[in-house]
Each structure stands twice: as C-alpha cells, then as structure tokens.
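Visitor: Starting off with a structure, shown below.
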Amino acid sequence: MTDNEIAHILQQVHTIALVGASDKADRPSYRVMAFLLEQGYHVIPVSPKVAGKTLMGQQGYACLQDIHEPVDMVDVFRNSEAAYEVTQDAIAIGAKTVWMQLGVINEQAAVLAKDAGLNVVMDRCPAIEIPRLGLNKQ
C-alpha cells in the first residue's frame, strides 16, 4: 500500500472501531485511541473488558456487531490469528477498511477483506502514519 493510499484512507475515515481496546493507560491500544480522539476521529472501543463502560468518553462494546452506527474503519489490536475473525465481523458490519496494527499480519484476512471490497492496511499504526504523512489535525 502506497503512502498516498494510506493518506487517502485516513482522510476519508470518520468512525473507527478499535478492536482490542484496553482501559489500561500503559497499553498501546489505549495510547493509540487517545491519539486518534485528539485527531478528531470518533473512536469506538471494542473489547469484552470495556463493554458497557465508557472509555475516554466513548461507549464501549463487546463486539463489532453490538455497534449500532456506521463504522468506516476497524483497527485491529488483536493477535494475527484473531485478525481473520475480526475481518469477517468488519465485513458483516459494512466497514470500508480493515487496519491491522504493527505486528498483526494475516494474509488470509487481507485476501478476505480485499475480495469483499474493503481497503486493507497491515502491520502499520495510524498513530505513526498520521504524523509521518503530515496529516495531523492539530
């Protein structure tokens, strides 16, 4: 995926479901969620641990299917193996992009998403890509 393609995705996205969200401030998913919120994205935390709770002012959900609003991008903070099931769920809810975090690599999930017409970003972090590409909204 080219820098232009990544920049285009990040500029088109408004609502991000962050799968694998943590309420622990020392976890990467927590820091990335905080950064994305600062950038003006609507971020929905998804994890059984945050279901029914509020994290950084955002309602948490146990799974993607529990979200009752359109989701543009699913940001996967799960292990590579779990990314396939998360991708299936992302397709089912009509997301436009599956973004697999640093270290999350699942070629089968990528093929599944692409075949369903979704954008796929793998082994990257939006909190790194946004400043690298000069897309900071601050």
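Visitor: Skipping prolines and chain starts, which residues have an amide H placed within reach, meaning under 5 Å, of the one on Ile44, given they are 5 or more residues away or on another chain?
Guide: Under 5 Å from the amide H of Ile44: Ile16, Ala17, Leu18.
Visitor: How large is ³J(HN,Hα), in whole Hz, for each residue of the range 120-133 in order, when computed from phi with the Karplus curve 6.51 cos²θ - 1.76 cosθ + 1.60 and θ = phi - 60°, using x for Gly and Pro?
Guide: 10, 10, 10, 6, 9, 10, x, 6, 8, 5, 4, x, 4, 8
Visitor: Another question, then. Find the all-direction average of the projected area of the Cα convex hull for the chain, expressing the result in square nanometres with one decimal place.
Guide: The number I arrive at for the chain is 7.4 nm².
Visitor: Picking from Pro70, Pro126, Pro45, which is most flexible by a Gaussian network model of the chain using Cα springs under 10 Å?
Guide: Most flexible of the set in this elastic network: Pro70.
Visitor: Another question about this same structure. Once Lys and Arg get +1 and Asp and Glu get -1 on their Cβ, which of Val71, Leu55, Thr87 lies farthest toward the positive end of the dipole of the range 3-132?
Guide: Final value for the positive-end residue is Leu55.
Visitor: Of the beta bridges DSSP finds with both residues in the chain, what % are antiparallel, to the nearest 5?
Guide: Of those bridges, close to 10 percent are antiparallel.
Visitor: For Asn79 and Lys137, compute 0.36 nm times the residue count separating them, minus their Cα-Cα distance, and round to one decimal in nm.
Guide: Full extension from Asn79 to Lys137 adds 17.9 nm.
Visitor: Which whole-Hz couplings ³J(HN,Hα) result when phi for each residue of the range 82-92 is put into the Karplus expression 6.51 cos²θ - 1.76 cosθ + 1.60, θ = phi - 60°, listed in order with x for Gly and Pro?
Guide: Rounded to whole hertz, the list is 5, 4, 5, 5, 4, 5, 4, 5, 4, 5, 4.
Visitor: Continuing with the same structure: Want the number for Glu5 to Ala116: 0.36 nm per residue separation, take away the alpha-carbon distance, what's left?
Guide: That pair, Glu5 and Ala116, stretches by 38.2 nm at full extension.
Visitor: Please give me, ordered by residue number, the GluC sites (Glu not before Pro) of the range 42-138 that lie in loop per DSSP and have at most 14 other Cβ atoms within 10 Å.
Guide: Here the GluC sites (Glu not before Pro) that fit, given the DSSP loop and packing criteria, are Glu81.
Visitor: Where the centre of each part is set by its Cα atoms, how far does the range 115-138 sit from the range 27-49, in angstrom?
Guide: Taking the Cα centre of the range 27-49 as reference, the centre of the range 115-138 is 14 Å away.
Visitor: Something else now. Counting Lys and Arg as +1 and Asp and Glu as -1, each charge on the Cβ, what is the dipole of the chain about the Cα centre in debye, to the nearest 20?
Guide: I would put it at about 360 debye.
Visitor: What list of ³J(HN,Hα) values in whole Hz, one per residue of the range 9-20 in order, does the Karplus curve 6.51 cos²θ - 1.76 cosθ + 1.60 (θ = phi - 60°) give from phi, with Gly and Pro shown as x?
Guide: Per-residue couplings from phi come out as 4, 5, 7, 8, 6, 10, 10, 10, 9, 9, 8, x Hz.
Where a number appears in this text, it was derived from the coordinates with a stated rule and is not lab data. Because the structure is a prediction, the values reported are computed rather than measured. When we count neighbours, we look across all protein chains shown, and the Cβ atoms used for this are built from the backbone with ideal geometry, even at glycine.
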